[in-house]
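A short write-up of the structure that comes next.
Values quoted throughout were computed directly from the atomic coordinates according to the rules given, and no laboratory measurement underlies them. What you see is a predicted model, and the numbers here were worked out from it, not measured in a lab. In this analysis, Cβ positions are derived from the backbone assuming ideal geometry, glycine residues included, and neighbour counts consider all displayed protein chains.
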Amino acid sequence: MPSAELVIVAFVGLALLASVISSKTRTPYTLLLVLLGMLLATSSVSSILGVDLINDQLVGGGLFVVLVLPPLLFETTINMRAEAFASVSRPALLLATLGVVVATLVGGVLLWRLAALPIYPAFLFAALIAPTDVATVLEIFKRVGVPERLATLLETEAVFNDATGILVFASILASFSTSAPSLAGASADFILRFGGGLLVGLAVAMGASMLHRFLTERMSELILTIATVYGSYAMAAAIGASGLIAVAVAGLYYGNTVISRQVDVAAEFVKSFWNVLAYIANTLAFLVIGLSTNVGELLGGLGATAVAYVAVIAARYISVQAIMGLQPIAGEKFENSWRNVALLGGMRGALSIVLVASVPTTVPARELIVTMTLGVAFLSIVLQGPLLTRYTSRVFRGR
């Protein structure tokens, strides 16, 4: 078993190597992390560092969601102004809820009827791959040049679609061993996950905002934000609600009621801390994708991965067009360039890998589902990321 010190040194070394290569070659930092992680996973060094053990504990054990996603969500939402959120809340939340359901149904039908995949594995895969990955989307939209409102729309979708994706995935997974859940039961579960997370996040952030008035030292203010992030996550998880929704709402409220109203050194100190922590979390997220992807298995399942990727893109296209292309649904009709960015920007990543790791070994075609998930996550990063960068630089240049 590798020592913790060795794992930390290896993590820092890989991050530094990717950063140096990225600055010299202008290759996206996150793409390099994925490639380095893949090389590490297939080399003899992986046994020294215990890559399988790390993946089992970090991904399979659920530590990824707890350690990595909250800092990313909080850092994004404390910098998101209420006016910007309000201007895109309707289409963003529709994409995060109805869009995930539509993508699951379309993707499942395509894989079942056209690719001849058994119905249960087809819809299970479609559910776990339907939500866009928050780590991937947030990183991409920090790099590409798009209108601020469009970036806010897709970042908001990525922040809030986890609850829907996890619920749909859990419902389909549960139907394997029990009778299919009722619509009423699924609706109640969604209200608890989404609404409960919203209320918990709001309550914790309001309490933190009031407590902040009594603090005068910047380190205390920083500790307060850490308590807000992980306190809201833990409280929401304890009642069966979405901890990620709670963190997102807490960040949005705290950022607009506390951070945005401060102009002192303490506010910059807090924002800088979460910026660094989000960068570290983002680095870990993309390394996890690389470490989880075996080149041999990826090549062996290339045909199935290609079919799955086409189905995922088609499902995303239909869900985006159904919501952003129809004014009665979204409240406005978005121009083609915005819909194209939403299509390319709907990337999959570590969240889907976390979900597929929880699929029991007794599920039919589990290995195929795992291969398709890792393959689609890899393709979405190496193909859509560069395509999105080129497209946005051409379409939005000078705007």
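Side notes on the structure shown:
- At least 27 Å along the helix axis (C-alpha) and Kyte average at least -0.5, DSSP helices within the chain: 4-25, 148-174, 218-238, 265-292, 302-324
- For segment 81-123 and segment 287-317, distance of Cα centres in Å: 18
- Label selected from [x] 277; [y] 151; [z] 174, the criterion being volume of the Cα convex hull per residue in Å³ as computed here: [y]
- Per-q log10 I(q)/I(0), segment 252-399, q = 0.12, 0.18, 0.20 Å⁻¹ (Debye; single scatterer per alpha-carbon; no solvent): -0.75, -1.13, -1.18
- FRET efficiency, Val363 to Arg90 (Cβ-Cβ, R0 45 Å, nearest 0.05): 0.80
- Seen from Ser209, the other residues with C-beta closer than 12 Å to its C-beta sum to a net charge of +1, counting Lys and Arg as +1 and Asp and Glu as -1.
- The simple Förster model, with R0 at 30 Å and r as the Cβ-Cβ distance, assigns Ser19 and Arg397 a FRET efficiency of 0.65.
- Percent RCO, i.e. relative contact order, over the chain, from Cα pairs under 8 Å lying at least 6 residues apart: 28
- Only helical runs count toward this figure. For the chain, summing -39,500 (n - 2.57) over DSSP H runs of n ≥ 4 and dividing by all residues gives -23500 deg cm²/dmol at 222 nm.
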